[in-house]
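The values are calculated or read from the model by the stated rules, or taken from the named source; none is laboratory data. Everything numeric here is computed off the predicted structure, so don't read it as measured data. When we count neighbours, we look across all protein chains shown, and the Cβ atoms used for this are built from the backbone with ideal geometry, even at glycine. With ligands, DNA and RNA removed, areas are computed over all heavy atoms of the protein, side chains included. Shrake-Rupley method; radii C 1.70, N 1.55, O 1.52, S 1.80 Å.
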Protein chains: 4
Amino acid sequence: MLVILRPNTDENSIEFIKTWEYLENIPDVQLKKHIVSGEQQKLTEIYLIGDTSRLDREQIAVLPAVERVIKISQAYRILGRHKDNNRAVGFDYNGVHFSQDNLNIFAGLCAVDSREHTEQMLKALQENGQVCTRMGAYKPRTNPYSFQGHGKSCLPYIFELAGKYGIKVISMEVTHDRQIEEISNCLDETGRPTGVILQIGTRNTQNFELLKAIGRQQEFPVLLKRGFGITLSESLNAAEYLATEGNANVIFCLRGMKTSFSNPHRNFVDFAHVPVVKRLTRMPVCVDPSHSVGSREKAPDGLMEIFHATAQGIIAGANMILVDFHPVPSKALVDGPQALYLDELPVFLEDVRITRETYKKRVQLAKKITPHQEIQ
Amino acid sequence: MLVILRPNTDENSIEFIKTWEYLENIPDVQLKKHIVSGEQQKLTEIYLIGDTSRLDREQIAVLPAVERVIKISQAYRILGRHKDNNRAVGFDYNGVHFSQDNLNIFAGLCAVDSREHTEQMLKALQENGQVCTRMGAYKPRTNPYSFQGHGKSCLPYIFELAGKYGIKVISMEVTHDRQIEEISNCLDETGRPTGVILQIGTRNTQNFELLKAIGRQQEFPVLLKRGFGITLSESLNAAEYLATEGNANVIFCLRGMKTSFSNPHRNFVDFAHVPVVKRLTRMPVCVDPSHSVGSREKAPDGLMEIFHATAQGIIAGANMILVDFHPVPSKALVDGPQALYLDELPVFLEDVRITRETYKKRVQLAKKITPHQEIQ
Amino acid sequence: MLVILRPNTDENSIEFIKTWEYLENIPDVQLKKHIVSGEQQKLTEIYLIGDTSRLDREQIAVLPAVERVIKISQAYRILGRHKDNNRAVGFDYNGVHFSQDNLNIFAGLCAVDSREHTEQMLKALQENGQVCTRMGAYKPRTNPYSFQGHGKSCLPYIFELAGKYGIKVISMEVTHDRQIEEISNCLDETGRPTGVILQIGTRNTQNFELLKAIGRQQEFPVLLKRGFGITLSESLNAAEYLATEGNANVIFCLRGMKTSFSNPHRNFVDFAHVPVVKRLTRMPVCVDPSHSVGSREKAPDGLMEIFHATAQGIIAGANMILVDFHPVPSKALVDGPQALYLDELPVFLEDVRITRETYKKRVQLAKKITPHQEIQ
Amino acid sequence: MLVILRPNTDENSIEFIKTWEYLENIPDVQLKKHIVSGEQQKLTEIYLIGDTSRLDREQIAVLPAVERVIKISQAYRILGRHKDNNRAVGFDYNGVHFSQDNLNIFAGLCAVDSREHTEQMLKALQENGQVCTRMGAYKPRTNPYSFQGHGKSCLPYIFELAGKYGIKVISMEVTHDRQIEEISNCLDETGRPTGVILQIGTRNTQNFELLKAIGRQQEFPVLLKRGFGITLSESLNAAEYLATEGNANVIFCLRGMKTSFSNPHRNFVDFAHVPVVKRLTRMPVCVDPSHSVGSREKAPDGLMEIFHATAQGIIAGANMILVDFHPVPSKALVDGPQALYLDELPVFLEDVRITRETYKKRVQLAKKITPHQEIQ
């Protein structure tokens, strides 16, 4: 059961104290407080965990600080929708809004290899009006003998250059909890010129220790990639780990699945699940066409398959795009074959724009459908 | 190796005879003749099968009837692209054009259950300007105790009604070669009021005896569904079976794959492979959003996931849509939960239209990309 | 619901007639009669299909011809176990017994290529005391340009030679119903020197038309291979198709599954499902180590992986082994790389023997376990 | 390239120094030293990493400290076989030998829930002559609201009781590098009454940070579970991570794969890969029948499917069994439905014994096979 308090309820107020005391005294039920800070107001949600089936919802609804009580299903307690479309969705971070209703593009380097390439990348982004990027410093690699990323040594110049070129948010993969501190410290040292989203890779989707550590900090939002070998439900439960520990600013990223049917794509593109994740949870949904498709192959219509996959994500309502670019793909140390060239960025952005426009028209069109009583 | 003769080459001409004799005398090589009948001309293609690596292409190119010689890879000899974009693509059937460059919609009944529902369906199609439909008479079912379709008994009224409502092409599944004759006979008996595409279901993609029988006839084009448990290459080889036997008027249909990651969709939507199939072969590519998604679930944006999957197919260049409708989904004998209502047809068609428009704009946009020398 | 009549009940007897009439008059229930002919007696089973939940079992049990009434679940009505371990299991064919309690070995040629190789194979079998074999005449091939088997032309010498070398049962794949008659006719023409089990390949597991045709004949038993891309339940339903049509003499064959995890094996060996199929159904369970493993790779312990897979099947209670041999594997037209040499046959048989002995000891050992009340 | 030095080469010896200097001066090649400590001798292996294709093997072979030079393939440099069957295989730990040639049984608690159950378990093991066990303290759970294990708080009594009941080695899962120290400290505090193998779970197979941390320590051997959603090659590369960091005392554990074909088993039993892993690498191979099968279902022959899966592993040469027992399965906090009862332990061990005996006989039998020249 979820108890939502009136906006901006003060924890020292008598209303709050009375409400909390009542809830705390319910036997066999644990309380978990979750704060949602929006631009205009602060919302306090209290999750009642345990055997809540016998509780009287009416009785709780009349407690002094309570706005409303929502019955929630077992699955995805915090991040789930629970058939209540009025709950706050989305969050702001460093001046950028993330929600199920808008679209942000994160073009950038899969793996940072040199200061020069980083600067070329960021410059191109600024010239094209972009304020977000992806930059990989810590790279988990299947083969122990492959390049593992420059790690913390490249953070200073990434952050400095990001500041120089007006980048507000960088999506950056972390593979161990110690890296959270490394990133935070380096941001401090460089004067906080930019923001960071902590990205969790597909091999770590069920690295519960990493999830807990990232969930416990409130400084950075999180981008969680779907596990490429587990069910959707298992991946959504992994997102719930983050929220349970205290951080519900989570973006969920589809990046293709490992199957025997993917070939000739690198992974099996799973972007038909964009509307599914939006239906099951309140998370903004990102798609990663680069790691899904994995090559620069072009259809006979002249469009690269990465462009097509991107359009498929957007036409179905994706809220974020994570896409690999590189100044010189042939020299990229990681995943060069799937990187787009910098001079392809303007067309890519235009392609995104017209597809997003059509998505919005489609949503308007949907309003014309007379609802039918669905058989459950 | 593929030898394309000059358009409208007469098989009794001296040029043809000399060319054929030369080719026939090449040791260890078999000839396979394939006729492509277009609106304006007849094209004769001769496939050289066997050890052709040592042949001198120049020598063959100068034979009297030869227009050009194409080196073809082992895979998909007839249906493949073989890096020659000039080859004829597509075909006409009963007044409807099928190619990689246009879009046809086949909305209709997954399984015909009654004359009344069939008429309601076809009437709605006519009212919405449609000339194609899907109608299932022979249904392969996983469970032996399930409804197996009305079979040949329902053909007469399907064809009559199709004629009455101006339907030119019906996509109809067949599960045994005897049904080809049943369909052909019934069309004769009813005065050929409509046309039929023979549809091969996903459980029969590797039913090679059925493929051979359908490939041997030239009367009906074929729609081959991708096998839900085999690789893309294996499914494309199945299409090649049809062509090898003589029928290259094949449409390839993506319909979702069976994996452990599909849930909550019925199958794992594979429409990111639309541009892939167009790149590897010359077949028009169909998508079946109904069997892929398998439910009427709706995203928070108000659009059903079937609509989203359809849009994803179209935005990436799909050439045909196979979609389930039913006058009363709750009474459908097969796959009711995924059927759209007849009153949803206009919005569905409008959604298809605006998405297809955007696809065309995207193709124009692609021309702005400066080509890069790709690393192979 | 299943009604088993007293053994050898005559259909003209008054008991039968009264029983049948009573059952026939139950509303909304269909009857399906199924005869099990054993060596000593004929057993008549009557399946009540439809809404049987409200029927009074006691009332039916006292009908004159009824021996007992079994409540059956929806799944696998005829071939399932339905928690009744007393039902007849197994059958005899041409002097060979097939059941869940014994073991038959079918070593032979995956594809018959010449009379000479066939004779060498059969001679080797006789010399090693074998009376069963596998012989492929009709071969379904993924690539339309591959060798498709000699078909009906090789049947005469296969059957003659089988007779000459004392082979009683040949497992032979069929891919179209017309082949049943071809086999039957050829057996007649050659004087019925041997018997045949009709084998259905993994690509045809859900070729329902083929299943129905084979199910309708009673002359030959059937070996159904598990579908390599569908669930176990779907494959068992396919077996049920055969039984529903009238032929319950079905052997179920595990042959490995298509997954991305199989490599370096050709398929993912699924022999851990041997006891599962025995638990869910009454079919004898065959394993095909050759197509599962797909190579002659040898472990450091000196045993080929095909031997190990075979042993894994047997140690868990497999009832039949289908294994590829060839006099000259390097010259085999199909699947040569997985064929064993004729001089490896004696060791293979000895390996099978000692492993089967151990399986029997294990079954004895199981009796020492005190049963626990299992939590359901 | 791998350079193996003469046994017991002293690193201060003139031979070593000269050899090292020579190798160190090869351009574009990195050296990686790896020590194998056996009972009788210390072996130094030097891996040459980089572009070694142009090196002269003969020239290196004559360096003063060198015993022999092995050309190794890219894959699994340290743990791979590289067609050299003479390399040392296996290791000793706390008096127990681990290799590809023997068998150890680790029966125990999947998750430690209480001191009482731990003691009952260990007592039963001692009574049945066992010196190894499995004990789970840190449990990674899919659902954030599930029991996560007692963690470090239960270590003291696990170790004390292990000492009391003569247990020499405990296999214990770790999910974060900090736990290595917790285990080591607790062993110190309790007086090192037992030994520990660090177990890496299937969700952490590609948690490269954890692999590196565990690989860097030499105190504990490692049991690495195969990743349930990645290829075998990727899992073997994960094992190689451990070796690359310095710890080659790695046991590889098969535990079933996640596929849509597993049902009704919890995972798809992959024990046919036992001989494959032994062929590709030098690691001892463990099987985990409990997590593969996932239930106490019993075949009609009276043997539980967990027993059958165990036998399948052993008959193909498995070197270690990891199996769940529990004094009161119905009260187990994790995976109770798959736990065996303590009174089933004696029969389980006897079943293992007779199957292992048969495996040994099979290996003897293999020597009778005349080797054929295999076609590569």
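Results, tabulated for the structure shown:
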item: Counted charge near C:P27, where neighbours are those whose Cβ lies closer than 15 Å (Asp, Glu -1; Lys, Arg +1); result: -4
item: Longest site-free stretch - chain C; sites: trypsin sites (Lys or Arg not before Pro), DSSP loop, at most 15 other Cβ within 10 Å; result: C:84-366
item: Separation between Cα centres of the stretch B:109-130 and the stretch A:242-260, rounded to whole Å; result: 43
item: Accessible surface of the stretch B:32-120 [probe 1.4 Å, protein heavy atoms]: carbon and sulfur percent; result: 44
item: Label 7 Å beyond Cα on the Cβ vector: D:V62 copy-to-copy distances, nm; result: 5.9, 10.0, 10.3
item: The stretch C:159-207 - accessible surface per residue (Å², probe 1.4 Å); result: 30
item: Cysteines in chain B that, by Cβ-Cβ distance, have no pairing candidate under 4.7 Å; result: B:C110, B:C132, B:C154, B:C186
item: Cα gyration tensor category, rounded, prolate or oblate, for the stretch B:252-376 with a/c compared to 1.5; result: prolate
item: Three-way shape call for the protein assembly as shown based on the alpha-carbon gyration tensor, with the a/c threshold at 1.5; result: rounded
item: Summed buried accessible surface, chains B and A, 1.4 Å probe, nearest 100 Å²; result: 5500
item: Mean Cα-pair separation over length for the stretch D:87-171, i.e. relative contact order, pairs under 8 Å, 6 or more apart, %; result: 33
item: Accessible carbon and sulfur surface of the stretch C:235-370 relative to its total accessible area, %, 1.4 Å; result: 49
item: Residue (of A:L155, A:I314, A:G201) at the positive-pole extreme of chain A, dipole from beta-carbon charges; result: A:I314
item: D:T175 - accessible surface, heavy atoms, 1.4 Å probe, Å² rounded to 10; result: 10
item: Heavy-atom accessible area per residue - the stretch C:58-140, 1.4 Å, Å²; result: 42
item: Acute angle (nearest 10 degrees) that the helix A:232-245 long axis makes with the longest principal axis of chain A, alpha-carbon atoms; result: 70
item: Alpha-carbon centroids, the stretch D:23-85 and the stretch A:136-213: separation in whole Å; result: 35
item: Length-normalised contact order for chain D - Cα pairs under 8 Å, 6+ apart - percent; result: 14
item: Label geometry 7 Å along the beta-carbon vector: D:R216 inter-copy distances in nm; result: 1.9, 7.0, 7.2
item: Set of aspartates and glutamates near B:K42 by C-alpha distance (under 14 Å), chain-local residues within fewer than 8 positions excluded; result: B:D10, B:E11, B:E67, B:D92
item: 0 to 90° range, to nearest 10: angle between helix D:14-24 axis and chain D longest Cα axis; result: 90
item: Share antiparallel - DSSP beta bridges, the stretch C:251-376, percent rounded to 5; result: 25
item: Average other protein chain Cβ within 10 Å of Cβ, residues A:291-304; result: 5
item: Percent carbon-and-sulfur accessible area, the stretch C:131-181, ignoring ligands, DNA and RNA, probe 1.4 Å; result: 51
item: 10 Å Cβ neighbours from other chains, averaged over peptide D:236-242; result: 3
item: Cross-link partners of C:K360 among aspartates and glutamates (Cα-Cα below 13 Å; sequence separation of 8 or more within a chain); result: C:D101, D:D301, D:D351
item: Inter-probe distance in nm under a simple model that places probes 7 Å from Cα toward Cβ, at A:N102 and B:V363; result: 3.5
item: Percent of beta bridges antiparallel (DSSP, chain A, rounded to nearest 5); result: 45
item: Neighbour cut-off at most 13 other Cβ (10 Å), DSSP loop, GluC sites (Glu not before Pro), the stretch D:26-107; result: D:E39
item: Burial of 50 Å² or greater, the stretch C:259-273 residues [accessible area, probe 1.4 Å, versus chain by itself]; result: C:S260, C:F261, C:P264, C:F268, C:A272, C:H273
item: Computed label-point distance, nm, for sites D:Q30 and B:N185 using a 7 Å Cα→Cβ extension; result: 7.5
item: Theoretical ellipticity at 222 nm over the protein assembly as shown - DSSP helices of four or more residues, -39500 (n - 2.57) apiece, nearest 500; result: -9500 deg cm²/dmol
item: Share, in percent, of DSSP beta bridges within the protein assembly as shown that are antiparallel, nearest 5; result: 45
item: Residue of B:S262, B:S153, B:S13 that the Gaussian network model of chain B assigns the largest fluctuation, springs spanning Cα pairs under 10 Å; result: B:S13
item: Accessible area in square angstrom per residue, the stretch B:224-305, 1.4 angstrom probe; result: 17
item: Too-long pairs where the Cα-Cα distance tops 29 Å, listed order kept, from A:K225/A:K298; A:K123/B:K368; C:K168/D:K278; result: C:K168/D:K278
item: Shielding by partners - mean other protein chain Cβ count within 10 Å, residues of B:353-366; result: 5
item: Local electrostatic count, C:P327, Cβ distance below 11 Å [Lys/Arg +1, Asp/Glu -1]; result: -2
item: Label 7 Å beyond Cα on the Cβ vector: B:I49 copy-to-copy distances, nm; result: 4.1, 5.1, 6.5
item: Neighbourhood charge, 12 Å Cβ-Cβ cut-off, centred on A:L254 and excluding it, Lys, Arg +1 and Asp, Glu -1; result: +2
item: At 1.567 mPa s and 4 °C, Stokes diffusion of chain A via Kirkwood alpha-carbon radius, µm² per second; result: 59
